[in-house]
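Every number here is computed from the coordinates shown, using simple stated rules; none is lab data. Since the model is a prediction, treat every value here as computed from it, not as a measurement.
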Amino acid sequence: MKILDGKKLAEEIKSELRTEVLGLKEKGIVPGLAVVIVGENSASKIYVKNKKRACEEIGIYSQVFELEEKIFQDELLEVIGKLNADEKVHGILVQLPLPAHIEKEKIILAIDPKKDVDCFHPENIGKVFLGQEIFPPCTPAGILEILKRSEIEIVGKDVVIVGRSNIVGKPLALMMINLGATVTVCHSKTENLKEKCLGADILVSAVGYTGLITKDMIKQRAVVIDVGMNRDDEGKLTGDVDFLEVSQIASAITPVPGGVGPMTITMLLKNTIKSAKFYANRS
Ligand code: NAP
């Protein structure tokens with residue numbers, strides 16, 4: 001059984017990106033990422049801190065805008081408008097969730113699709129549907145990169161994805177279909193989840209429920225990707241998959257922590273650099 005070490009792969013990719021950033025800087029281009037966070041959500045604050053640190057590690061200019069929970073929607077739209085116009089900023093990320101009084105869809109629509117490095121804008125999601133993505137959504141892209149760098153074949157494989165969210169399950173399903181996999185997407189209304197999972201050559205769980213995926217749901221030698229990032233009763237980070245048991249049956253598995261998580265941030269850095277290059281070619 002092989003552990004798919006996302007942390008190690010992420011370090012490898014970051015080292016490649018660092019070299020790329022140095023090359024861009026020699027041409028006078030400094031990739032820039034703006035991260036907007038509204039309110040006091042502690043998990044969001046940690047994610048934002050990690051993203052800023054990752055930018056610093058590879059030489060991307062980053063700016064974090066910490067806005068008050070009670071900010072008016074129009075004020076937030078104004079911040080985004082300014083970032084759309086800011087030439088130093090090539091990527092804009094609005095950390096979700098947003099407070100209830102703010103319409104998430106309106107905020108996402110306000111981000112210039114050319115700076116939407118998180119791939120939330122409908123225009124960019126449409127491109128994923130067509131297999132023409134400019135900024136591949138970060139978590140699905142991170143999963144595909146793990147599989148590619150671990151030389152795990154996707155073409156012709158039966159893939160089961162548990163979870164149909166707009167940021168993980170659905171875009172990953174589209175990307176895998178476009179790559180030649182046969183994909184089944186499961187969710188909370190799925191009947192016979194166990195039988196469906198047992199058919200998977202590659203099983204991806206993106207639910208948010210500790211211990212959902214047990215060994216009796218896994219085909220011998222299947223590849224198991226655990227996207228879940230959950231906290232157990234003691235506050236320890238866990239995935240959706242019963243790692244100890246499932247790793248006895250799987251041929252390869254991602255751990256939590258140290259699997260998909262580090263790759264997600266790395267894909268964000270990659271998209272920001274890509275956007276800076278597009279910008280340089282446009283101007
Ligand atoms: P989400 O929007 O809450 O979606 C969860 C999905 O799981 C939904 O489609 C839901 O079905 C389905 N589901 C819920 N209970 C189920 C059950 N008992 N059986 C089968 N399906 C069930 O979550 P998300 O944003 O995609 O995130 C999922 C998990 O991944 C979370 O733990 C999150 O923290 C983690 N995550 C990790 C990364 C990373 O970088 N590692 C990135 C993003 C998310 P319905 O649609 O029917 O409600």
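Structural remarks
- Helix-only mean residue ellipticity at 222 nm for the chain, each DSSP H run of n ≥ 4 adding -39500 (n - 2.57), per residue, nearest 500: -13500 deg cm²/dmol
- Amide H within-cut-off set for Leu67, under 5 Å, with H built and near neighbours excluded: Ile37, Val38, Gly39
- Karplus-derived 3J(HN,Hα) values for segment 86-100, using 6.51 cos²θ - 1.76 cosθ + 1.60 with θ = phi - 60°, are 7, 5, 7, 9, 9, x, 10, 10, 9, 5, 9, x, 9, x, 4 Hz; glycine and proline are entered as x.
- Between amide H atoms placed 1.01 Å from N, distances below 5 Å from Thr238 occur with Asn230, Arg231, Asp232, all of them 5 or more places distant or on a separate chain.
- Whole-number D in µm² s⁻¹ for the chain, Kirkwood Cα-pair radius fed into Stokes-Einstein, 20 °C, 1.002 mPa s: 110 µm²/s
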